[in-house]
Amino acid sequence: MLYEKYRDEIDAILARYPSKRSALLPVLYIAQDAYGRLDDASIREVAEILDLPYTDVFEVVGFYTLFYNEDVGKFVLDVCDDVPCCFCGAEELVADLEQRLKVKAGYTTDDKMFTLRRVKCIAACDQAPVLQANLEFHYKVTPDKVPALLEDLRRKVESGAQISISGRFAEH
Ligand code: FES
């Protein structure tokens, strides 16, 4: 099913590599976007497409925190709470998001729009405090900027724009 639906995209990825195994991560991104998470069935499907043992794919999915085995929101908000971001207000940012979204970090809002997570350094310390929305960076995010940011993300969903929880369409 995955292959039939995304044949052109998957074939283009496979053409980039000398072995199918090397295409594992990008094909998993497609599967994750298609199914909303990577459960046993989708892992098996990817394994079949790439002629890999199920356990090889399972291990990769379990290793990376950017692969989700439970449903997430349309946007995964990763807020950096490492030391430099904390010095610049990361805790205040997390608290503000938790209050606005009515959800604790680590959980998904009732409307399934946002999953809020804490992450460690995402390599943009000079722009602290930083968050990523579906892996797209947002810099110097102070609480006063949060309402406009959330509104913008909601508008993207309403407009029918392509959304990728795997970050395939992140621009920076
Ligand atoms: S500490 Fe937050 S991006 Fe490095």
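The selection criterion, being more than 30 Å from HIS138 (Cα to Cα) and either away from the ligand (no atom under 16 Å from the Cβ) or not in a helix (DSSP H, G or I) (or both), does not hold for ASP71. Condition check for LYS120 on (1) at pLDDT 95 or above; (2) surrounded by 14 or more Cβ atoms within 10 Å (Cβ to Cβ); (3) under 16 Å from the mean Cα position of the chain (by Cα): one failure, at (2). Here is the figure for region 30-39: residues that are surrounded by fewer than 19 Cβ atoms within 10 Å (Cβ to Cβ) and not charged (D, E, K, R) total 3.
Check region 90-100 and report whether any residue there is open to solvent by 10 Å² or more (accessible area, probe 1.4 Å), within 11 Å of the ligand (Cβ to nearest atom) and touching a strand residue (DSSP E or B) at 6+ places or on another chain (Cβ under 7 Å).
Initially, region 90-100 is screened for residues open to solvent by 10 Å² or more (accessible area, probe 1.4 Å), giving 91-92, 95-96, 98-100.
Now drop any that are not within 11 Å of the ligand (Cβ to nearest atom), which leaves none.
Within region 90-100, none of the residues are open to solvent by 10 Å² or more (accessible area, probe 1.4 Å), within 11 Å of the ligand (Cβ to nearest atom) and touching a strand residue (DSSP E or B) at 6+ places or on another chain (Cβ under 7 Å).
Taken together, TYR139, TYR107 contain a single residue that is modelled with pLDDT of 95 or more, within 16 Å of the ligand (Cβ to nearest atom), open to solvent by 60 Å² or more (accessible area, probe 1.4 Å) and of a type outside the set (A, V, I, L, M, F, W, C), which is TYR139. Do we have GLN132 as polar (S, T, N, Q) and over 14 Å from the mean Cα position of the chain (by Cα) here? No, not satisfied.
Among the residues of region 74-84, those that are near the ligand (Cβ under 8 Å from one of its atoms) and closer than 15 Å to LEU116 by Cβ comprise CYS80, ASP81.
Please go through region 53-68 and pick out each residue that is open to solvent by 20 Å² or more (accessible area, probe 1.4 Å) and either part of a helix (DSSP H, G or I) or more than 20 Å from PHE169 (Cα to Cα) (or both). Scanning region 53-68 gives PRO53, TYR54, THR55, ASP56, PHE58, GLU59, VAL60, GLY62, PHE63. When SER42, SER22 are screened for being part of a helix (DSSP H, G or I), among the polar types (S, T, N, Q), open to solvent by 20 Å² or more (accessible area, probe 1.4 Å) and farther than 30 Å from CYS125 by Cβ, only SER22 passes.
The values are calculated or read from the model by the stated rules, or taken from the named source; none is laboratory data. As the structure is a prediction and not an experimental result, all values here were calculated from the model. Note that we place each Cβ from the backbone using ideal geometry, even for glycine, and neighbour counts take in every protein chain shown. Side chains included, ligands, DNA and RNA excluded: accessible areas come from the protein's heavy atoms. Shrake-Rupley method; radii C 1.70, N 1.55, O 1.52, S 1.80 Å.
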